[in-house]
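**Student:** Handing you this structure, nothing more for now.
The values are calculated or read from the model by the stated rules, or taken from the named source; none is laboratory data. Just so you know, these numbers come straight off a predicted model, no measurement behind them. Neighbour counts run over all protein chains shown; Cβ positions are idealised from the backbone, glycine included.
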Amino acid sequence: METHRGILPNKRLRFWWAVVGLIALVVPYVTNMGLLAKTVYVAEKTLYKSDRLTVTAGDGNDWKWENGREVSWKFQFIDKDANYPNKDEVTFLIDKEAAAKQGLTDFKVNGQSWDAKTGELGGFELYYNGGSGHSLILTAKSTTDEKRAVSVPVGLSLTRTAQQGAKIKAPKLAETNLLPDDAKMMVEANLFGYEGDDATGEDEGETKPDEPETTLPAPSSDDPADVYAKLPDTKQGIVDGFLIERGVRTTPGSDNKTDFNNFQLWSSMNAPVYTTADAEHKAPVTIYQKKDVTATGNIGGSENENDATRLQYVRSTYHNQYEQTGGDNQSAYTISFEDGDAMTNAKFTVVYDHVGSYVDSVTKEHHPIGATMTISNVTPASGDHLQLGDMHFIDVPNNLYSGVMYHGIESLDIKLQFYTLVDGKFAERIDVDEGDGHVTFSSLNNFGRSANSSSSVGADFSWDQLSTGINNSKYAETVFGGAGTLAAQPYDDPTTDSDDTFMQKDAAGIWYSTVHGVYDLTDVNGTSYKSYLDIPNHQDNFEDSLGGTNFQMAALQFPVSGDAYNFTLRTGDGNTWQTISAAVMHPLELTQTHKLVTTDDTTYTTAVSDAKAGKSGNLHEKNLAITSTDDGKFNFAYWVTQPTYDLGTDSLIRPFGIRFEDTLPDGISLRDGQNSVKLYDTEGKQLKLGTDYTVTIAGQKVVATLTDAGIQAIDFNSDMFALRLDVKTDSQVAQGFAKWTKRNTADVYTKTEHSDASEYKSTTNIVTVGLKDLPTTNVTINKIDEAGAALAGAKFELKKVGEPSAWTAASFASAEISAYKTLTTATTIAASTTTETSWTWNNLPVGQYQLIETAPDGYVKATDVTFNVGAKLTANADGTGDAYTSTFKETTNPAVLTNVDVKDGSVTANVPNQLDIKAVFQVKKVDQDNKPLAGAVFQYFTDVTQKTGMNKDDTTGMHTMPTGQTLEFNKLYTLNESTVPTGYERAEDVYFKVLKQADFATQTGVTVPADLANEKVLFVKTDKDGAVTEWIKPDQNKNIFTTTFTVENKKQEPLQSIFPVTGGTGIMGFVIVGLILVGAAGALTLKRKFND
């Protein structure tokens, strides 16, 4: 808890106190070295507090010792130098021997582990700006399940870097203090009821579980207040006020149930005490002990003695206006009087072992206190003040703040006394100097009738809550101060000249409220209102609930001094519930405002938990690239958390005004205007824009102002409410991100008085977030032929054709470019360096690219290559240690690049070219003597209907294909001599194919000769059906493969004469003889026919 701002500082007169105060202020700056040895709490408690350092410890009410469970201490360093920004560097020095003895190990600060050999842990840089603080969390793990109090000396070594960067190094001095010399003060450790011992570093004794772990000394038959009066007073000037804490109850037992050793009631008549309610009066005064009551209800209605049901109800029910726990350690005593006579000389003392804390005037530390409340001079109500029945009782809960309920009683006196605690026992009586303490009584209703009252009981009594302008004290609830008190003080706003209170004093000196007070939103006429602020003329009355509108205006505050404070409480209608508080009657400044920068998925619960731990959000000092883009934007959130003070404990009322101001860094904006500004109450419920708060936006400045309704909607219970800003920034993925770092703070303004000039500003810590440049990539393309040899003669053009459009994170540890968009106009990028066979483009930004080739002569043009130059981020699981790597991916299908090598931001790849193979043939025409032969004409074809003639040169006998014509591969060609030279015989047709290497194995029934198997191209002669008869290796000139078919024509033989050559016999004789023989045979045949 923060130091109570309503308590005035005490005047120090004694010289040695001045010295101690001087040491507490000077030593942190001069020596910057300290020892801390404190007991650990389960609920967060302040172990030490000075103007330079606050140390708290605790992990929540469900905390318990377990092996491996962490214990935590929060060190909040405060910068008091007006010249800022400043920076400290702190190193923790842990006594490792003491740590081992206390069962603690694995010390860490904000996740960084200690050096177990030296005990050293650090150094940590503390940044201050505008007087803001910086917190570090020290944790350690338990090595045992043993329930205990622990104490470990922790040294602090600081080096200060002041404004302008000037360094001031503090000397390392043993046994010098960041804390006062008497730092080994007693502190609590409420571990399931266990009260921790003084921090001595010695072994702690084990507590038996069946014994009360905190006990009060059992009083004798004497009034315990008188017994405790023998205790010594605290030293003069040591107490700077006390707090009656709203949430504090007497200490329960190990089962978390009320331990009545710690909540005792003494009676002067030794009244019987019953634990079961009944409807009888077994004695003039009977006491009913209501233990751990789950049944709650209103025990302050029209209660009458003759109503047995209600009598038993009062004795068994926990009043519903007291502070509630739900049952456990929710207990009370009901003192029941048979009649008014039973009250005569009755006296009671209630003993509470824990009610709050006192503030040490030197260290400003809070220390637990117990109390006694003595009730005496009980007077029965009668006549005008007996409006709600004749049942007589006093009800007292085990929470002093909840006060006392009295019914059928005109008035009673109470005496309050407070005590320091040592080992759970009362040690000294709290003694405050004048002005250093006060007791406050609120909700002082008046049931008198006024001009605007719409209902009445009798001439001058009214139940109308809306009654205002009441001008007498007859039916007013009021309080009188007695011994140990000073004059009552009503609320007064020093910034206004008007009367700021409803409390007035009559001629007899009795304070009374001029208004009734509204505690029900349905008035006497049956009209219901949604909220108090909807009630007509609500400003002229007060909302009768803690922190309600104008609540402080119907309260009285009594300054006190000494060690006992006496008051008289008087009813207004015969039934009064009166709280007892030490709260001030003006709003307090809101402090310890904290800022976080987080990912979008961070909830209120996480933000508040991180703020309490001193963290600045999971994106603080991180690269936004550990998250994903959304429509080209990075989305994230700023949080501003604001702790509240505790209503009833610290102050009776909420601030009069609260607003948040946050000037967003350039380049960061709200995603959806006002709808991006969200406020959450202390329970994490989102407040309503327009109803609970308003938003104004002027440029980069965002202002969220809580309305009266919004302030009332927030439960001021020491928890945090929070502002969330949903913001965005252009990711600029297409440009490779934009390298920047953005720092941001926010302010919360609290209005503690009605004047605007009373605003108090609390500035947050600085949060930082940024982006880093995406990496670029060097790309080198090498030109090679089919065999992998460097190939000259090509040209390349590189164009950027696309930009990245999305950046996606799988987790904080992995993110990369995940999508691209096509550019409307491609951009040509010149090569950085070139050779005859390679091209290099340096520092290509992320994007999509197209590589276009102009092929060397004789080679097939490579398919246009498309590829992505990307980026990928890797980091630790929490986003720290982020690093980029460039990525490269060819998207051509099928792939063109070969031997792709990606390394250290550079890419090397080859683009191979296939030879542009062409095949032709020619015919050499020769005679039988192998001499060129003119006159022939050739044609060739694969289809007889589509013949192609050949060019001829009769001089050489060469016949060639028409210019530009080439052969098709693996087709059967016929070469035909269409015109034969005169005198020569026609040559036979030639059948052939031209084959690429891949076709060699497709020929049926033959195998390519081994010596020709590696040739790129072969011609083959075939028969007319295409069956290979001969393999021919062609000639090659670059990419042209040529074969020559030699076609020979033979001369025709001349015809032989039937006449003899000169000098020869000839053949004529043989012809004549043959004709005669044929004729004779024919004649003989005819003669035989005639004879037949």
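**Student:** Of all residues in the range 894-906, which are surrounded by 14 or more Cβ atoms within 10 Å (Cβ to Cβ) and either among the aromatic types (F, W, Y) or not in a strand (DSSP E or B) (or both)?
**Tutor:** V896, L897, G905
**Student:** So which of V396, V359 is out of contact with any Asp or Glu (no Cβ under 9 Å at 6 or more places or on another chain) and in the same structural domain as K235 (by TED's automatic domain parsing)? Lay out the reasoning, then the answer.
**Tutor:** Details: V359 fails: out of contact with any Asp or Glu (no Cβ under 9 Å at 6 or more places or on another chain).
After ruling out the rest, the residue left standing is V396.
**Student:** While we're looking at this one, here's another question. T527 - would you say it is surrounded by fewer than 15 Cβ atoms within 10 Å (Cβ to Cβ) and β-branched (V, I, T)?
**Tutor:** Yes; evaluated as a whole, the condition is true for this residue.
**Student:** Next up: Given the criteria in a loop (DSSP other than H, G, I, E, B), surrounded by fewer than 14 Cβ atoms within 10 Å (Cβ to Cβ) and either under 60 Å from the mean Cα position of the chain (by Cα) or not aliphatic (A, V, I, L, M) (or both), does T1002 qualify?
**Tutor:** Judged against the criteria, T1002 is a match.
**Student:** If you scan the range 281-297, which residues turn out to be within 10 Å of R315 (Cβ to Cβ) and touching a helix residue (DSSP H, G or I) at 6+ places or on another chain (Cβ under 9 Å)?
**Tutor:** Residues satisfying the conditions are T286, Y288, K290.
**Student:** Another question, if that's okay. It is to be established whether one or more residues within the range 755-766 are farther than 30 Å from P665 by Cβ, in contact (Cβ under 8 Å) with a residue 60 or more places away in the chain and in contact with a strand residue (DSSP E or B) (Cβ under 7 Å, 6 or more places away or on another chain).
**Tutor:** The answer is yes, given that some residue of the range 755-766 is farther than 30 Å from P665 by Cβ, in contact (Cβ under 8 Å) with a residue 60 or more places away in the chain and in contact with a strand residue (DSSP E or B) (Cβ under 7 Å, 6 or more places away or on another chain).
Conditions (1) in a loop (DSSP other than H, G, I, E, B); (2) at pLDDT 90 or above, marked per residue:
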{"residue": "A199", "(1), (2)": "yes, no"}
{"residue": "G205", "(1), (2)": "yes, no"}
{"residue": "P217", "(1), (2)": "yes, no"}
{"residue": "A225", "(1), (2)": "no, yes"}
{"residue": "L231", "(1), (2)": "yes, yes"}
{"residue": "Q236", "(1), (2)": "yes, no"}
{"residue": "L243", "(1), (2)": "no, yes"}
{"residue": "R246", "(1), (2)": "yes, yes"}
{"residue": "N261", "(1), (2)": "yes, yes"}
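**Student:** Inside the range 648-687, can you point out the residues that are part of a loop (DSSP other than H, G, I, E, B) and within 23 Å of the chain's Cα centre (by Cα)?
**Tutor:** Answer for the range 648-687, where residues must be part of a loop (DSSP other than H, G, I, E, B) and within 23 Å of the chain's Cα centre (by Cα): L664, P665, D666, G667, R671, D672, D681, T682, E683, G684, K685, L687.
**Student:** A follow-up question, please. Can you list the strands (runs of 3 or more DSSP E) found entirely within the range 740-840 that contain at least 3 residues being modelled with pLDDT of 95 or more and among the polar types (S, T, N, Q)? Don't jump to the end; show me each part of the working.
**Tutor:** Details: elements: 740-744, 747-751, 759-763, 767-771, 777-785, 795-811, 814-829.
By residue number, 777-785, 814-829.
**Student:** Turning to a different aspect of this structure: Any residue that is within 21 Å of P894 (Cβ to Cβ), touching a Phe, Trp or Tyr at 6+ places or on another chain (Cβ under 8 Å) and in contact (Cβ under 8 Å) with a residue 12 or more places away in the chain - is there at least one of those in the range 832-847?
**Tutor:** The answer is no, given that none of the residues of the range 832-847 is within 21 Å of P894 (Cβ to Cβ), touching a Phe, Trp or Tyr at 6+ places or on another chain (Cβ under 8 Å) and in contact (Cβ under 8 Å) with a residue 12 or more places away in the chain.
**Student:** Give the residues of the range 1033-1050 that are in contact with a strand residue (DSSP E or B) (Cβ under 9 Å, 6 or more places away or on another chain) and without any contact (Cβ under 8 Å) to a residue 24 or more places away in the chain, sorted by residue number.
**Tutor:** K1033, D1035, Q1036
**Student:** Filter the range 701-744 for residues that are surrounded by 19 or more Cβ atoms within 10 Å (Cβ to Cβ) and among the hydroxyl-bearing types (S, T, Y) and give the result.
**Tutor:** Correct list: S718, T729, S731.
**Student:** Given the range 526-614, what strands (runs of 3 or more DSSP E) lie entirely inside it while holding 2 or more residues that are modelled with pLDDT of 95 or more and closer than 30 Å to Q489 by Cβ?
**Tutor:** 556-562, 565-570, 575-578
**Student:** A follow-up question, please. Please indicate, with yes or no, whether at least one residue in the range 630-645 is within 27 Å of G247 (Cα to Cα), among the β-branched types (V, I, T), touching a residue at least 60 places away in the same chain (Cβ under 8 Å) and not in a strand (DSSP E or B).
**Tutor:** Looking for residues that are within 27 Å of G247 (Cα to Cα), among the β-branched types (V, I, T), touching a residue at least 60 places away in the same chain (Cβ under 8 Å) and not in a strand (DSSP E or B), one finds at least one in the range 630-645, hence yes.
**Student:** Do we have S361 as in contact with a helix residue (DSSP H, G or I) (Cβ under 9 Å, 6 or more places away or on another chain), in contact (Cβ under 8 Å) with a residue 60 or more places away in the chain and surrounded by fewer than 18 Cβ atoms within 10 Å (Cβ to Cβ) here? So that I can check it myself, show each step before the final result.
**Tutor:** Values: in contact with a helix residue (DSSP H, G or I) (Cβ under 9 Å, 6 or more places away or on another chain): yes; in contact (Cβ under 8 Å) with a residue 60 or more places away in the chain: yes; surrounded by fewer than 18 Cβ atoms within 10 Å (Cβ to Cβ): no.
So S361 does not fit the description; no.
**Student:** Show the residue pairs that are 6+ apart or on different chains and have beta-carbon atoms under 6 Å apart, the first residue being within the range 452-467 and in a loop (DSSP other than H, G, I, E, B), the second being among the basic types (K, R).
**Tutor:** Close Cβ pairs satisfying both conditions: S456/R449; D460/R449; S462/R449.
**Student:** Touching a Leu at 6+ places or on another chain (Cβ under 9 Å), hydroxyl-bearing (S, T, Y) and more than 19 Å from A738 (Cα to Cα): is that true of S762 in this structure?
**Tutor:** Criteria met by S762.
**Student:** Could you please give the count of residues in the range 759-787 that are more than 30 Å from G905 (Cα to Cα) and in contact with a Lys or Arg (Cβ under 6 Å, 6 or more places away or on another chain)?
**Tutor:** Result for the range 759-787: 5.
**Student:** Count, please, the residues in the range 937-951 that happen to be of a type in the set (A, V, I, L, M, F, W, C) and farther than 20 Å from T963 by Cβ.
**Tutor:** 1
**Student:** On to the next question. Looking at the range 709-728, is at least one residue more than 19 Å from Y645 (Cβ to Cβ) and in a loop (DSSP other than H, G, I, E, B)?
**Tutor:** We begin by selecting, within the range 709-728, every residue more than 19 Å from Y645 (Cβ to Cβ); these are 709, 724-728.
With the extra rule that they be in a loop (DSSP other than H, G, I, E, B), the set shrinks to none.
Checked against the condition, which is being more than 19 Å from Y645 (Cβ to Cβ) and in a loop (DSSP other than H, G, I, E, B), the range 709-728 yields no hits at all.
**Student:** Residues that are in contact with a Leu (Cβ under 7 Å, 6 or more places away or on another chain), closer than 23 Å to D878 by Cβ and at pLDDT 70 or above: does the range 121-139 have at least one?
**Tutor:** Within the range 121-139, one or more residues are in contact with a Leu (Cβ under 7 Å, 6 or more places away or on another chain), closer than 23 Å to D878 by Cβ and at pLDDT 70 or above.
**Student:** While we're here: Restricting to the range 543-586, and then to whatever is surrounded by 22 or more Cβ atoms within 10 Å (Cβ to Cβ), more than 27 Å from R429 (Cβ to Cβ) and among the polar types (S, T, N, Q), can you tell me which residue is nearest to the chain's Cα centre (by Cα)?
**Tutor:** Among residues in the range 543-586 that are surrounded by 22 or more Cβ atoms within 10 Å (Cβ to Cβ), more than 27 Å from R429 (Cβ to Cβ) and among the polar types (S, T, N, Q), the one nearest to the chain's Cα centre (by Cα) is T549.
So that you can scan it fast, the table gives a plain yes or no per residue for (1) loosely packed, with under 14 Cβ neighbours inside 10 Å; (2) within 29 Å of G935 (Cα to Cα); (3) modelled with pLDDT of 65 or more; (4) outside the structural domain of E786 (by TED's automatic domain parsing):
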position: R986; (1), (2), (3), (4): no, yes, yes, yes
position: V994; (1), (2), (3), (4): no, yes, yes, yes
position: D1023; (1), (2), (3), (4): yes, yes, yes, yes
position: V1073; (1), (2), (3), (4): yes, no, no, yes
position: A1083; (1), (2), (3), (4): yes, no, no, yes
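**Student:** Which residues, taken from the range 939-993, are of a type in the set (D, E), in a loop (DSSP other than H, G, I, E, B) and over 23 Å from T1022 (Cα atoms)? Before you say what the answer is, go through the steps one by one.
**Tutor:** Within the range 939-993, the first condition is being of a type in the set (D, E), and the residues that meet it are 943, 953-954, 968, 977, 985, 988-989.
Imposing the further condition that a residue be in a loop (DSSP other than H, G, I, E, B) reduces the set to 954, 968, 985, 988-989.
Residue satisfying the conditions is D954 alone.
**Student:** Moving on. Look through the range 921-970, keep the residues that are charged (D, E, K, R) and out of contact with any Phe, Trp or Tyr (no Cβ under 9 Å at 6 or more places or on another chain), and return whichever of them is surrounded by the most Cβ atoms within 10 Å (Cβ to Cβ).
**Tutor:** Taking the candidates together, the pick is D954.
**Student:** For the range 907-938, which positions are within 18 Å of E1048 (Cβ to Cβ) and assigned to a strand (DSSP E or B)?
**Tutor:** F921, Q922, V923, K924, K925, V926, D927, P932, V937, F938
**Student:** Within the range 857-867, take every residue that is buried (at least 18 other Cβ atoms within 10 Å of the Cβ) and not hydroxyl-bearing (S, T, Y) and give me the one that is nearest to F888 (Cα to Cα).
**Tutor:** By that ranking, first place goes to F867.
**Student:** Right, next: Does at least one position in the range 416-439 carry a residue that is part of a loop (DSSP other than H, G, I, E, B), in contact with a helix residue (DSSP H, G or I) (Cβ under 9 Å, 6 or more places away or on another chain), assigned by TED's automatic domain parsing to the domain that holds H319 and not small (G, A, S)? Quick ask: steps written out before the conclusion?
**Tutor:** Quick first cut of the range 416-439, residues part of a loop (DSSP other than H, G, I, E, B) only: 423-424, 430-431.
Still in the running and in contact with a helix residue (DSSP H, G or I) (Cβ under 9 Å, 6 or more places away or on another chain): none.
The answer is no, given that none of the residues of the range 416-439 is part of a loop (DSSP other than H, G, I, E, B), in contact with a helix residue (DSSP H, G or I) (Cβ under 9 Å, 6 or more places away or on another chain), assigned by TED's automatic domain parsing to the domain that holds H319 and not small (G, A, S).
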